[in-house]
Amino acid sequence: MNEKIVAVDFDGVIHKYSKGWSDGSIYDEPVEGAKEKLAELVAKGYKVIIFTIRLNPEVNEETNLERNKLSKWFFDHGFMEGVHYHEMTAMKPRADKYIDDRGIHFTN
């Protein structure tokens, strides 16, 4: 059986990101309904992978510190690994579906 994967961008999809990158901090609340929809995807059997430029060493030299900040933000807002997501990565992973606030749907 092939694993179904959904890749979800962090900023603008999970993290409200109302001021844009600003100073690079994770300053905002979750997007309304994000936690419930992620849990729904996991319950339907999808592997949910969170992707974020925040973990890219070309953007942020302190990737371990940034991963800890992300983990704390998820914990503080009630997101749990295995319930709402399975892993976090700096790269847009191979997936069946992508959820990204800056995506443009290509049709032709």
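Data overview
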quantity: Too-long pairs where the Cα-Cα distance tops 20 Å, listed order kept, from Lys44/Lys92; Lys19/Lys92; Lys69/Lys97; Lys4/Lys92; Lys16/Lys44; calculated: Lys44/Lys92; Lys19/Lys92; Lys69/Lys97; Lys16/Lys44
quantity: Tail weight of P(r) past 11 Å, computed on alpha-carbon pairs of the stretch 69-108, percent; calculated: 76 percent
quantity: Distance (nanometres) between label positions extended 7 Å along Cα→Cβ at Ser18 and Glu3; calculated: 3.6 nm
quantity: Highest-fluctuation residue, Asp23, Asp11, Asp96 considered, GNM on the chain with Cα pairs under 10 Å; calculated: Asp23
quantity: The stretch 16-108, accessible surface, carbon-and-sulfur percent (1.4 angstrom probe); calculated: 51 percent
quantity: Simple label model, 7 Å out from Cα along Cβ direction - His86 to Lys69, nm; calculated: 2.8 nm
quantity: For the chain: accessible area per residue (Å², 1.4 Å); calculated: 66 Å²
quantity: Counted charge near Ile26, where neighbours are those whose Cβ lies closer than 12 Å (Asp, Glu -1; Lys, Arg +1); calculated: 0
quantity: DSSP-loop chymotrypsin sites (Phe, Trp or Tyr not before Pro) across the stretch 17-50, with at most 12 other Cβ within 10 angstrom; calculated: Trp21
quantity: For the stretch 17-26, 3J(HN,Hα) per residue [Karplus equation, 6.51 cos²θ - 1.76 cosθ + 1.60, θ = phi - 60°, Hz, x = Gly/Pro]; calculated: 6, 5, 10, x, 4, 6, 9, x, 6, 9
quantity: Segment Glu36-Asp96, length gained on full extension (0.36 nm per residue, minus Cα span); calculated: 19.6 nm
quantity: Area of Ile26 that stays accessible when all protein chains are in place (1.4 Å probe, Å², to 10); calculated: 40 Å²
quantity: Dipole axis of the chain (+1 Lys, Arg; -1 Asp, Glu on Cβ), positive-most option in Leu70, Thr89, Asn108; calculated: Asn108
quantity: GNM top mover of Val59, Val48, Val83 - the chain, alpha-carbon springs below 10 Å; calculated: Val59
quantity: Convex hull volume per residue for the stretch 1-94, taking Cα atoms only, in Å³; calculated: 91 Å³
quantity: Candidates Arg67, Arg54, Arg94, ranked by Gaussian network fluctuation over the chain, Cα under 10 Å, top entry; calculated: Arg94
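The values are calculated or read from the model by the stated rules, or taken from the named source; none is laboratory data. Since the structure is predicted, the reported quantities are computational estimates derived from the model, not experimental observations. Every residue, glycine as well, gets a Cβ built from its backbone with ideal geometry; the counts of neighbours run over all protein chains shown. Just so you know, the surface numbers come from the protein's heavy atoms only, side chains and all, with ligands and any DNA or RNA stripped out. Shrake-Rupley method; radii C 1.70, N 1.55, O 1.52, S 1.80 Å.
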